[in-house]
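The values are calculated or read from the model by the stated rules, or taken from the named source; none is laboratory data. As the structure is a prediction and not an experimental result, all values here were calculated from the model. Quick reminder, even Gly has a Cβ in these numbers, built from the backbone with ideal geometry, and neighbours come from all protein chains shown. Just the protein is used for accessible areas: all its heavy atoms, side chains included, with ligands, DNA and RNA removed. Shrake-Rupley method; radii C 1.70, N 1.55, O 1.52, S 1.80 Å.
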Amino acid sequence: MSHPGPSAPGTDALSQLGQHVVPAASPEEAILERVPAPHKGRQYVVRFTAPEFTSLCPVTGQPDFAHIVIDYIPRDWIVESKSLKLYLTSFRNHGAFHEDCSVTIAERLVELLDPEWLRIGAYWYPRGGIPIDVFWQSGTPPESVWIPPQDVPGYRGRG
């Protein structure tokens, strides 16, 4: 299905945006896509929040839930948001520990985008009475960029 109207530069190769796409069965099969950053040479923060992320415990098969916040400073590329949504959805039936899911997401984005800086905060809801929060970043953020706090409260019934 094609859509009338102007096309943004660098979007011709996108395979998912504007199309009906069945989510991949696993993160390894998911396609993450990128487009040229519209403000190359400027430092700004892009934030994605996924408050309903799900995966499976690799031992019990029980569902795990997280509120994930991804912040990054683009260099030459930005992630195409529908492909990111489909990538995150591909974890729904994927068995992995919280730490593995969280760092895998961040590292895949760094590999795809080569951002100036990226961080992930993965705030996992408790199972067995213990919430596990996982934080990772690619390095020290530039001092000249305002990076807002992630503001996900410590567990007291997140919502």
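With respect to the conditions (1) within 15 Å of R47 (Cα to Cα); (2) of a type in the set (V, I, T); (3) surrounded by fewer than 20 Cβ atoms within 10 Å (Cβ to Cβ), V79 lacks only one, and its number is (3).
Give me the residue from region 1-39 that is over 20 Å from the mean Cα position of the chain (by Cα) and either surrounded by 13 or more Cβ atoms within 10 Å (Cβ to Cβ) or under 30 Å from V152 (Cα atoms) (or both) and, out of that set, modelled with the highest pLDDT. That would be H39.
Considering the conditions (1) touching a helix residue (DSSP H, G or I) at 6+ places or on another chain (Cβ under 6 Å); (2) open to solvent by 90 Å² or more (accessible area, probe 1.4 Å), V59 is excluded by exactly one of them, (1). Here I120 meets each of (1) outside any loop (DSSP other than H, G, I, E, B); (2) farther than 24 Å from L56 by Cβ; (3) of a type in the set (V, I, T) with one exception, condition (2). Just one of the listed residues (F48, F53, F65) is of a type in the set (F, W, Y), more than 27 Å from P142 (Cβ to Cβ), open to solvent by less than 70 Å² (accessible area, probe 1.4 Å) and at pLDDT 95 or above, namely F53.
Checked against (1) modelled with pLDDT of 95 or more; (2) assigned to a loop (DSSP other than H, G, I, E, B); (3) in contact with a helix residue (DSSP H, G or I) (Cβ under 8 Å, 6 or more places away or on another chain); (4) surrounded by fewer than 17 Cβ atoms within 10 Å (Cβ to Cβ), F91 meets all criteria but (4).
Residue-wise test of (1) more than 30 Å from G41 (Cβ to Cβ); (2) assigned to a loop (DSSP other than H, G, I, E, B); (3) among the acidic types (D, E).
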position	(1), (2), (3)
I105	no, no, no
G139	no, yes, no
E143	no, yes, yes
V152	yes, yes, no
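Once region 130-154 is narrowed to residues that are of a type in the set (D, E) and surrounded by fewer than 14 Cβ atoms within 10 Å (Cβ to Cβ), the residue that is nearest to D100 (Cα to Cα) is D151.
Kindly indicate the residue of region 110-159 that is more than 25 Å from E33 (Cβ to Cβ) and of a type in the set (K, R) and also modelled with the lowest pLDDT among those meeting that condition. Filtering region 110-159 for residues that are more than 25 Å from E33 (Cβ to Cβ) and of a type in the set (K, R), the one modelled with the lowest pLDDT comes out as R158.
Select from region 105-124 the residues that are open to solvent by 10 Å² or more (accessible area, probe 1.4 Å) and closer than 23 Å to G154 by Cα and list them in ascending order. Listed by number, the residues that qualify are R119, Y123.
Pairs are defined by a Cβ separation below 7 Å, a sequence spacing of at least 6 or placement on different chains, a first member in region 104-120 that is closer than 10 Å to W136 by Cα, and a second member that is open to solvent by 40 Å² or more (accessible area, probe 1.4 Å) and among the small types (G, A, S); the pairs so defined are L118/S138.
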